[in-house]
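Written out below as structure tokens is the structure these notes cover.
The values are calculated or read from the model by the stated rules, or taken from the named source; none is laboratory data. This structure is a prediction, so every number in the text was calculated from the model and none was measured. Here the Cβ is made from the backbone with ideal geometry for all residues, glycine too, and neighbour counts use every protein chain on show.
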Amino acid sequence: MDYEKQIMLEEIKLQPGFVKQNAGPTLNNLLTALESRDLSRINHIFITGCGDSYYSALANRMSLMETTGVYVEAIEALEFSRYVVNHMPANSAVIGVSNSGTVSRTIEAVARARQKGALTFAITTKMEAPLAQAADIPLIVNSPPNIKERPDGPPVVTPGTVTYVASLVGVYGVGLAMGLRLGNLNENAAKVRLAELERLSDDMSVTIESLTPAIHNYAIRLAPHKRVIILGGGPNFATAHFGVAKLFEALRHPASAVEMEEWAHEEYFVTDQDAEVFVIVPPGNLRDRAFEQMKAAKDMGATVIAIGSEKDSELFSVADAVFAIKGQISESLSPFLYCIPFELFARSLSQVRNRAFLGFDDGRRREVNFRQIFNSQIRPLEGRK
């Protein structure tokens, strides 16, 4: 199992280079794909996917609205394909996100939307992938696979890290490309946003380097009975979901993702001395509420861990521990950086507790998982064969 833990750490460390090397080429590829397309009638955008792909959509919802000037909804693929698709507004665009391009529900969502008259896009890694074939406009992005084939043993499946960042880059790039084509962004504004994204790579590298030992030491000290609750809002509600997903995938540790405001209404009542409450506090619109929630969680006896900027000195006087993010970044791009502590935490905790990723040392668990995600029946629209 040490081998898979090393692979995951290597993939976490690949993320800064991936952003620097792929942000510009991804935008250029997307602009080329959209070059001959008339987008002028689009007045509503749905973006959909499952798991990490869905979280990448949710994380970029605000940035997509900023760059395109169009109202955007991020919806999980089953919710979209079986319910919302039947009530889409006219002149909608639908973007399906899947790293593999083989996830049944996302293919179904895009295919059904296309049949209902929406302009459909697919963000995936291969032109021959079923998702790309289902869409009007395939948007191909570069990304390594989660499943790594080995000549000397069974494939290694790691919790998605660099693949998640690749999806974030792809979705953010779609927003820039569509914003340019729709006339909501001029070339200079797009260049400024792209440069900000590319500059992130240095902050990502320093953040990974500085947090790796601190988070590993925290994982060693964490008592096994502790419940994990992760609070996030705005773009980082997605990061909270992503953090929980990594704990599930890396070692099947119970955890819950909670919207920043909703914690006070629900999970507050199960927050006590047995809870580790992570609060994601980027600079921006939810900072003041995050401080109120941290104080309340501490009042209930919970241990509070803040994920926030190293420059936010107030965090260190309120939280029990701070996993500090390096550099300065806009809130709309913060998911690129704020996912890192949760990747490192899940990886270290899995190593400390000697748990196999995804529980795939049990062949039955792996077989059922793949059946549920990749081999689920795709339902056609009613009245169509």
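A few notes on this one:
- Look at the range 177-195: where a residue is more than 17 Å from residue 123 (Cβ to Cβ) and touching a residue at least 12 places away in the same chain (Cβ under 8 Å) and a partner is among the basic types (Lys, Arg) and in a helix (DSSP H, G or I), sitting 6+ places away or on another chain with Cβ atoms under 9 Å, you get 185/193.
- Pairs where the first residue, in the range 68-85, is of a type outside the set (A, V, I, L, M, F, W, C) and the second is buried (at least 20 other Cβ atoms within 10 Å of the Cβ) and part of a strand (DSSP E or B), C-beta under 8 Å, 6+ apart: 68/45; 71/45; 73/45; 73/46; 73/47; 76/48; 76/49; 81/48
- Answer residue from the range 130-158, given it is at pLDDT 90 or above and either touching a helix residue (DSSP H, G or I) at 6+ places or on another chain (Cβ under 9 Å) or under 25 Å from residue 345 (Cα atoms) (or both) and is surrounded by the most Cβ atoms within 10 Å (Cβ to Cβ) among those: 131
- Scan of the range 1-59 for residues that are within 23 Å of residue 212 (Cβ to Cβ) and either of a type in the set (Phe, Trp, Tyr) or not in a helix (DSSP H, G or I) (or both), ordered by number: 1, 3, 18, 55
- Qualifying positions in the range 315-341 - touching a strand residue (DSSP E or B) at 6+ places or on another chain (Cβ under 9 Å) and either without any contact (Cβ under 8 Å) to a residue 40 or more places away in the chain or polar (S, T, N, Q) (or both): 315, 316, 318, 320, 322, 328, 334
- Contact annotation: residue pairs with Cβ atoms under 8 Å, 6 or more positions apart or on different chains, pairing a residue in the range 268-279 that is touching a residue at least 40 places away in the same chain (Cβ under 8 Å) with a partner that is assigned to a loop (DSSP other than H, G, I, E, B) and of a type in the set (D, E, K, R), are 274/226; 275/226; 276/226.
- With a requirement of 2 or more residues that are at pLDDT 90 or above, the helices (runs of 4 or more DSSP H) lying completely within the range 329-385 that satisfy it span 335-338, 340-352.
- Total residues in the range 274-292, condition among the charged types (D, E, K, R) and buried (at least 17 other Cβ atoms within 10 Å of the Cβ): 3
- Against the list (1) within 29 Å of residue 188 (Cβ to Cβ); (2) crowded, with 24+ Cβ neighbours inside 10 Å; (3) of a type in the set (Val, Ile, Thr), the condition residue 107 fails is (1).
- A single member of 96, 101 is closer than 27 Å to residue 190 by Cβ, modelled with pLDDT under 95, crowded, with 24+ Cβ neighbours inside 10 Å and not basic (Lys, Arg), and it is 101.
- Complete set of residues in the range 293-314 that are among the charged types (D, E, K, R) and either in contact (Cβ under 8 Å) with a residue 12 or more places away in the chain or crowded, with 17+ Cβ neighbours inside 10 Å (or both): 295, 298, 310, 311, 312, 314
- Considering (1) out of contact with any Ser or Thr (no Cβ under 8 Å at 6 or more places or on another chain); (2) in a helix (DSSP H, G or I); (3) more than 24 Å from residue 283 (Cα to Cα); (4) not hydrophobic (A, V, I, L, M, F, W, C), the lone condition that residue 243 does not fulfil carries the number (3).
- Residue among 180, 176, 194 that is modelled with pLDDT of 95 or more and either part of a loop (DSSP other than H, G, I, E, B) or surrounded by fewer than 19 Cβ atoms within 10 Å (Cβ to Cβ) (or both): 194
- Residues of the range 199-241 classified as small (Gly, Ala, Ser) and under 20 Å from the mean Cα position of the chain (by Cα), total: 7
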